[in-house]
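Inspection log for the structure reproduced underneath, given as structure tokens.
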Amino acid sequence: SISTAAELAWVAQQVNSGENTFAGKTVQLVADIDLNNQPWTPIGLNADDAKKFKGTFEGVALTKADTYPVIRNLYVETSPGYTAAGFFGALNGTAKNFGIENATIKHISTGNANGQTDNGIAVVAGSIYTNGNIEGVTVKNATVEGNRYVGGIAGYTYGNVKNCSVENLTLKAIPNQLADGSYDNGDKVGGIVGAFWWESTYNVSGNTAKNVSIYAYRDAGIIAGFATGAGVKNNTVEGKNNITIDQETYFYADKPANAGEIVGNLSGA
């Protein structure tokens with residue numbers, strides 16, 4: 001049972017040190033927690049590392065009306081690197097039934113030797129990889145700034161995101177400068193998920209996005225910025241939403257804007 005900021009930080013320390021992935025275990029959030037905008041170290045720092053949360057992290061209803069616990073004033077600002085960023089950096093388990101309010105996430109995800117990465121940037125989990133679940137989580141009043149795979153719930157998504165909601169969200173994906181001085185990325189930005197890689201058991205479904213503002217170079221959607229396959233379904237977009245595609249400020253190539261109310265760039269379906 002977790003009820004304080006110190007206990008929550010202990011979970012991150014256990015995972016990031018490699019002492020405990022919590023596989024087969026359940027961590028229960030039993031109270032609202034205020035992180036007071038103190039720098040938060042994500043739980044699980046790299047989607048390609050074994051040091052990820054592999055158990056179940058769940059909020060326990062605080063009242064008979066099923067009001068779930070809320071984590072407030074989350075602040076993550078990490079140095080550029082081959083890492084993921086969010087409350088969870090990289091999630092390989094299940095996170096469900098809690099809220100995050102008043103969050104700021106800032107990170108530049110660098111690539112491997114080939115420039116590729118499985119690391120994303122989001123409020124709940126920068127990456128779900130390989131497999132994992134986020135269910136019944138709400139995000140309100142948040143700003144996420146990165147360079148690629150930027151999302152309200154999850155960034156780089158290779159798993160399930162179901163029955164979650166975001167409200168009053170600002171997402172920015174700004175192309176990052178490469179070693180040769182040129183720019184790249186600024187893409188795959190979504191109110192629920194930045195990028196979703198589909199397999200038959202994975203879905204982004206039953207989610208709601210309301211009042212989402214996105215700034216990107218390309219591949220931006222209020223539900224998903226980029227998605228493969230047929231797993232994006234039964235989602236709802238509400239309120240006043242805006243997508244700005246800017247291919248002038250950090251110009252590196254003419255690209256299709258791929259901006260959409262549900263999915264920006266739908267591939268293979």
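The values are calculated or read from the model by the stated rules, or taken from the named source; none is laboratory data. Worth saying up front: this structure is predicted, and the values here are computed from it rather than measured. Neighbour counts are summed over all protein chains in view; Cβ atoms, including those assigned to glycine, are modelled from backbone coordinates with ideal geometry. Just the protein is used for accessible areas: all its heavy atoms, side chains included, with ligands, DNA and RNA removed. Shrake-Rupley method; radii C 1.70, N 1.55, O 1.52, S 1.80 Å.
Got a sec? Which strands (runs of 3 or more DSSP E) wholly within the range 1-99 have at least 2 residues that are modelled with pLDDT under 95 and of a type outside the set (A, V, I, L, M)?
Of the strands (runs of 3 or more DSSP E) lying wholly inside the range 1-99, none has at least 2 residues that are modelled with pLDDT under 95 and of a type outside the set (A, V, I, L, M).
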Log entry, pairs with first residue in the range 198-216 being at negative phi, second being among the acidic types (Asp, Glu) and surrounded by 18 or more Cβ atoms within 10 Å (Cβ to Cβ), beta carbons closer than 7 Å, six or more apart or on different chains, reads Lys210/Glu167; Ala216/Asp187
So Asn160 ticks every box in (1) open to solvent by less than 20 Å² (accessible area, probe 1.4 Å); (2) closer than 30 Å to Ala113 by Cβ but one. Which box is left unticked?
(2)
Given (1) at pLDDT 95 or above; (2) in contact with a Phe, Trp or Tyr (Cβ under 6 Å, 6 or more places away or on another chain), identify the lone condition not met by Gln177.
(1)
Would a scan of the range 170-185 turn up a residue that is touching a Lys or Arg at 6+ places or on another chain (Cβ under 7 Å) and within 24 Å of Gly111 (Cβ to Cβ)?
yes
